[in-house]
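First up is the structure itself, then whatever we jot down about it.
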Amino acid sequence: MNVFKMFLLLATLSLLLIGVGYLIAGPVGASIAFFMAIIMNMTSFWFSDRIVIGMFRARPASPTQYPGLHRMVDNLSGAALVPKPKLWILPLKVPNAFAVGKSPRHASVAVTEAILHTLNEGELEGVLGHEMAHIKNRDTLIAAVAATLAGAVVMIAYWARWIAIAGTGDRGRGGIGVVGLLLLFILAPLAALIIQMAISRTEEYRADRRGAYLSGKPLDLASALEKLHLAARRRPLGGALPSSSHLFIINPFGTGFPFEMFSTHPPTEERVKILRALAEML
């Protein structure tokens, strides 16, 4: 299923780029955009994890400075039977976390500075178990590629806006001109939302369950989700693109309409309910 999603994401970006090229410069622009699409697709596939880590200006989590964090991940990676991922610290004041990587052998887990001070040890281990589950389930590549491509789509929308503002007119623009570019400016963000919606909410439920088994702490994970959800309501995350919201364990950009209408995350209340029911069975 992830292979199909990958193909869909890459094809969507390619068609969008080619369409932009045609609107700007007709067949010649479409040809140039085709080669750009090939380059961007290859880049997003091979380097999406590095792009995402760099996007947030993350720094490596030193074992000396964060021994507890490394100990937890050592234990969880052993329980999950996957190689230990690289650990990163995000210089953000809102508690959250995510995992990215091409495969379990090339994976990274990133946590914000704030989460280390917001959650207790059990809750943090529950969150790390959730992220290790994403790595075990091989969800991380599609998530990182989606974040990279959605960011590219938003960038394309900005291109369209400035070209339209510059008044390119209808001359030599494939007969569409400013009207077409303005339509693209409206539709490109919608395409970004479609890319994000390709990330199934069921993946979060599955990672919650497997993460709870890995850590053995479903109630701690449930408590962590409630704390992170409350923190996101009080202080939405700044310094990042909403196109990356699906990466995080909790949507960090706010709640309520219209955020939840397009959210890749299932309702926190439902996730907590499932985890508490799971705790009764363990």
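The values are calculated or read from the model by the stated rules, or taken from the named source; none is laboratory data. From a predicted model like this one, the values you see are computed outputs, not experimental measurements. Neighbour counts are summed over all protein chains in view; Cβ atoms, including those assigned to glycine, are modelled from backbone coordinates with ideal geometry.
Quick look at the numbers
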quantity	calculated
Test set (1) touching a helix residue (DSSP H, G or I) at 6+ places or on another chain (Cβ under 7 Å); (2) in contact (Cβ under 8 Å) with a residue 12 or more places away in the chain - residue 63 fails condition number	(2)
Flag for residue 53 being among the β-branched types (Val, Ile, Thr) and touching a Phe, Trp or Tyr at 6+ places or on another chain (Cβ under 7 Å)	yes
Test: residue in the range 125-132 that is in contact with a Gly (Cβ under 6 Å, 6 or more places away or on another chain), crowded, with 16+ Cβ neighbours inside 10 Å and at pLDDT 95 or above	yes
Unique residue being under 20 Å from residue 205 (Cα atoms) and surrounded by fewer than 24 Cβ atoms within 10 Å (Cβ to Cβ) when the list is 105, 138	138
Neighbours by Cβ (under 6 Å, 6+ apart or cross-chain): first from the range 135-153, more than 10 Å from residue 100 (Cβ to Cβ) and aliphatic (A, V, I, L, M); second at pLDDT below 75 and not in a helix (DSSP H, G or I)	146/199
Only listed residue being closer than 24 Å to residue 245 by Cα and not small (Gly, Ala, Ser), chosen from 23, 76, 15	15
Flag if residue 76 is exposed (fewer than 15 other Cβ atoms within 10 Å of the Cβ), at pLDDT 95 or above, out of contact with any Ser or Thr (no Cβ under 6 Å at 6 or more places or on another chain) and closer than 21 Å to residue 207 by Cβ	no
Of all residues making up the range 14-51, the number that are of a type in the set (Phe, Trp, Tyr) and over 21 Å from the mean Cα position of the chain (by Cα)	3
Near pairs, Cβ below 8 angstrom, 6+ apart or cross-chain, from the range 66-92 (closer than 15 Å to residue 211 by Cα) to any residue that is in a loop (DSSP other than H, G, I, E, B)	73/84; 73/85; 74/84; 77/83; 77/84; 77/85
Within the range 239-255, considering residues that are hydroxyl-bearing (Ser, Thr, Tyr) and within 20 Å of residue 132 (Cα to Cα), the one modelled with the highest pLDDT	245
Any helices (runs of 4 or more DSSP H) falling wholly within the range 1-119 and containing at least 3 residues that are among the aromatic types (Phe, Trp, Tyr)	2-55
